[in-house]
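Shown next, in C-alpha coordinates, is the structure this report addresses.
The values are calculated or read from the model by the stated rules, or taken from the named source; none is laboratory data. Bear in mind the structure is a predicted one, so any value in this text is a computation, not a measurement. Quick reminder, even Gly has a Cβ in these numbers, built from the backbone with ideal geometry, and neighbours come from all protein chains shown. Side chains are part of the model used for accessible areas, which takes the heavy atoms of the whole protein and leaves out ligands, DNA and RNA. Shrake-Rupley method; radii C 1.70, N 1.55, O 1.52, S 1.80 Å.
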Amino acid sequence: MQEVRRFYPFFPAVVARVRQDFEWRGYAFPAGRRVMLDLYGTDHDVRLWQAPETFRPERFGSREYGPCDFIPQGGGEHESGHRCPGERIVMKLGADVLARELSYAVPMQNLEIDFSRLPALPRSRFVMSDIHGAL
(Lines give C-alpha, C1' and ligand atoms only; values in the text may rest on other atoms or scores of the structure.)
Protein backbone atom coordinates (compact mmCIF):
# COMPACT_ATOMS: atom_id res chain seq x y z
CA MET A 1 0.00 0.00 0.00
CA GLN A 2 2.77 2.47 0.90
CA GLU A 3 4.63 1.88 -2.37
CA VAL A 4 1.45 2.70 -4.30
CA ARG A 5 1.18 5.95 -2.33
CA ARG A 6 4.87 6.75 -2.94
CA PHE A 7 4.82 5.89 -6.63
CA TYR A 8 1.43 7.51 -7.38
CA PRO A 9 0.78 10.23 -4.75
CA PHE A 10 -2.79 11.60 -4.69
CA PHE A 11 -1.48 15.07 -5.51
CA PRO A 12 1.85 16.01 -7.14
CA ALA A 13 2.28 18.92 -4.69
CA VAL A 14 0.62 20.61 -1.74
CA VAL A 15 0.53 24.33 -1.02
CA ALA A 16 0.21 26.05 2.34
CA ARG A 17 0.74 29.41 3.99
CA VAL A 18 3.38 29.76 6.74
CA ARG A 19 1.67 30.44 10.09
CA GLN A 20 4.66 31.80 11.99
CA ASP A 21 8.23 32.76 11.12
CA PHE A 22 10.76 29.94 11.24
CA GLU A 23 14.05 28.88 9.72
CA TRP A 24 14.79 25.45 8.29
CA ARG A 25 18.21 24.39 7.01
CA GLY A 26 19.29 27.98 6.56
CA TYR A 27 16.12 29.06 4.72
CA ALA A 28 13.88 31.72 6.27
CA PHE A 29 10.12 31.19 6.10
CA PRO A 30 8.29 34.38 7.11
CA ALA A 31 4.70 34.22 8.33
CA GLY A 32 2.22 34.63 5.49
CA ARG A 33 4.51 33.28 2.75
CA ARG A 34 2.97 30.67 0.48
CA VAL A 35 5.07 27.51 0.20
CA MET A 36 4.80 24.40 -1.93
CA LEU A 37 5.91 20.87 -1.09
CA ASP A 38 6.71 18.79 -4.17
CA LEU A 39 5.31 15.40 -3.12
CA TYR A 40 5.95 13.62 -6.40
CA GLY A 41 9.51 14.98 -6.60
CA THR A 42 10.27 14.06 -3.00
CA ASP A 43 8.81 10.57 -3.38
CA HIS A 44 10.89 10.03 -6.56
CA ASP A 45 14.14 11.69 -5.41
CA VAL A 46 17.22 9.51 -6.04
CA ARG A 47 18.84 11.00 -2.93
CA LEU A 48 16.06 9.52 -0.78
CA TRP A 49 14.96 6.40 -2.63
CA GLN A 50 16.96 3.64 -4.26
CA ALA A 51 15.67 3.15 -7.83
CA PRO A 52 12.75 5.58 -7.30
CA GLU A 53 11.25 4.98 -10.77
CA THR A 54 10.93 1.26 -10.04
CA PHE A 55 7.77 0.04 -8.34
CA ARG A 56 9.00 -2.10 -5.42
CA PRO A 57 6.42 -2.79 -2.66
CA GLU A 58 9.02 -4.67 -0.62
CA ARG A 59 10.90 -1.42 0.09
CA PHE A 60 8.40 -0.72 2.92
CA GLY A 61 8.57 -4.20 4.46
CA SER A 62 11.25 -3.63 7.07
CA ARG A 63 11.56 0.14 7.46
CA GLU A 64 9.39 2.26 9.74
CA TYR A 65 8.67 5.82 8.63
CA GLY A 66 7.99 8.80 10.87
CA PRO A 67 5.19 11.30 10.15
CA CYS A 68 7.47 13.49 7.98
CA ASP A 69 9.80 10.85 6.49
CA PHE A 70 7.37 9.53 3.91
CA ILE A 71 4.96 12.17 2.66
CA PRO A 72 2.52 10.93 0.03
CA GLN A 73 -0.10 13.52 1.09
CA GLY A 74 1.89 15.88 3.30
CA GLY A 75 3.66 15.48 6.62
CA GLY A 76 2.33 15.17 10.12
CA GLU A 77 0.16 12.71 11.96
CA HIS A 78 -3.27 11.87 10.53
CA GLU A 79 -4.62 11.48 14.09
CA SER A 80 -4.12 15.22 14.75
CA GLY A 81 -6.20 16.23 11.73
CA HIS A 82 -3.20 17.28 9.68
CA ARG A 83 -4.07 14.71 7.05
CA CYS A 84 -7.17 12.73 6.18
CA PRO A 85 -8.10 10.77 9.34
CA GLY A 86 -9.54 7.93 7.27
CA GLU A 87 -6.63 7.51 4.88
CA ARG A 88 -5.35 4.26 6.41
CA ILE A 89 -8.81 2.72 6.51
CA VAL A 90 -9.71 3.81 2.97
CA MET A 91 -6.41 2.61 1.53
CA LYS A 92 -6.62 -0.74 3.34
CA LEU A 93 -10.23 -1.38 2.33
CA GLY A 94 -9.57 -0.35 -1.25
CA ALA A 95 -6.51 -2.57 -1.50
CA ASP A 96 -8.38 -5.51 0.05
CA VAL A 97 -11.26 -5.18 -2.43
CA LEU A 98 -8.93 -4.91 -5.44
CA ALA A 99 -6.67 -7.75 -4.31
CA ARG A 100 -9.06 -10.22 -2.70
CA GLU A 101 -12.67 -9.60 -3.65
CA LEU A 102 -12.54 -8.77 -7.35
CA SER A 103 -11.16 -10.34 -10.45
CA TYR A 104 -10.56 -8.04 -13.39
CA ALA A 105 -8.44 -7.41 -16.44
CA VAL A 106 -6.31 -4.32 -16.96
CA PRO A 107 -6.22 -3.53 -20.70
CA MET A 108 -3.33 -1.66 -22.32
CA GLN A 109 -3.56 2.03 -21.41
CA ASN A 110 -1.49 5.14 -20.83
CA LEU A 111 -0.64 5.23 -17.11
CA GLU A 112 1.68 8.25 -17.45
CA ILE A 113 0.79 10.75 -14.74
CA ASP A 114 -0.92 13.94 -15.93
CA PHE A 115 0.60 16.69 -13.76
CA SER A 116 -1.55 19.38 -15.37
CA ARG A 117 -4.52 18.52 -13.17
CA LEU A 118 -5.31 17.82 -9.53
CA PRO A 119 -5.56 15.18 -8.43
CA ALA A 120 -2.80 13.99 -10.75
CA LEU A 121 -4.21 10.95 -12.51
CA PRO A 122 -2.89 8.60 -15.17
CA ARG A 123 -3.73 9.95 -18.63
CA SER A 124 -6.07 7.01 -19.28
CA ARG A 125 -7.30 7.22 -15.69
CA PHE A 126 -7.20 3.55 -14.69
CA VAL A 127 -9.35 1.24 -16.74
CA MET A 128 -10.45 -2.19 -15.56
CA SER A 129 -12.55 -4.59 -17.62
CA ASP A 130 -14.22 -7.97 -17.13
CA ILE A 131 -14.88 -7.15 -13.47
CA HIS A 132 -16.29 -9.99 -11.37
CA GLY A 133 -16.78 -10.20 -7.63
CA ALA A 134 -18.60 -8.72 -4.67
CA LEU A 135 -19.42 -5.11 -5.43
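Quick notes on this one:
- Cleavage-rule hits (chymotrypsin sites (Phe, Trp or Tyr not before Pro)) in segment 92-135: DSSP loop, at most 16 neighbouring Cβ within 10 angstrom: 115, 126
- Nitroxide proxy distance, nm - points 7 Å out along Cα→Cβ at residue 16 and residue 34: 1.7
- Solvent-accessible ranking of 33, 59, largest area first, probe 1.4 Å: 33, 59
- In this view, the solvent-accessible surface of residue 93, computed with a 1.4 Å probe and all protein chains in place, comes to about 110 Å².
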